[in-house]
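Report on the following structure.
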Amino acid sequence: MSHNSKAKAKGISATSFFDLKAETSKWEEELARNKAAGKSTAIVGGVSRPNKKPTIWSRANKGVNERHARDLELEAISKPTLESAKAKLERKAKIYDKLRKGKSGGLSEKQYKSLLVDFESKDMPDRFESDSDDVDESLHVPQPPMDADDEIVEYEDEFGRVRTALKSEVPREFLKEKGEDNDDDDEDIVISETPLSCTIVC
């Protein structure tokens, strides 16, 4: 029995058969387009199921959560050391600024000679900027020193004015002059001209 005779026996005409074939091919093309575009394919009358396999873009890399936890631990450990390092650097910056301006910065002569930077030969246009300000220093009372090495001293500046400041803030050239004067003020020690004898008068 031929194909047409079976269709006629069931009551289906050839045109309705071609219409059905055209409709199914149209749906197949739309399904292929949606699949290529990555759209989900919903079945009419059915329940759409979620994709069981996640895409590569939605998955997290292996070990990300463990690395994040380790980073948080390291940050908690390094925070105090970071703060102490910052405080040390700020203290060193203050000393450097004082040295750059020509002041002693609270360093001893031995420490000053061991510095790698020669602040005296370095070009410093603002060397006496704090001394030549138009601010009346009599309004500013120096605070007592925090550490015992930094005492309040008087010195005479380049204009002959007597100034009072912390020893660490006094420019080095004025500090040296004061030190030379102190050596001559010793009245208790008398050195005779002869190199063999030395007499101490009390």
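When 85, 42, 9 are checked against the criterion of being at pLDDT 80 or above, small (Gly, Ala, Ser) and farther than 30 Å from residue 164 by Cβ, 85 stands alone in meeting it.
Pairing residues of segment 111-122 that are at pLDDT 75 or above with residues that are part of a loop (DSSP other than H, G, I, E, B) and of a type in the set (A, V, I, L, M, F, W, C), at Cβ distances under 7 Å and at least 6 apart in sequence or on separate chains, gives no pairs at all.
Residue-level analysis places residue 60 outside the set of residues that are assigned to a helix (DSSP H, G or I) and out of contact with any helix residue (DSSP H, G or I) (no Cβ under 9 Å at 6 or more places or on another chain).
The values are calculated or read from the model by the stated rules, or taken from the named source; none is laboratory data. A quick note: this is a predicted structure, and the numbers were derived from the prediction, not measured. Every residue, glycine among them, receives a Cβ derived from its backbone with ideal geometry; neighbour counts consider all protein chains shown.
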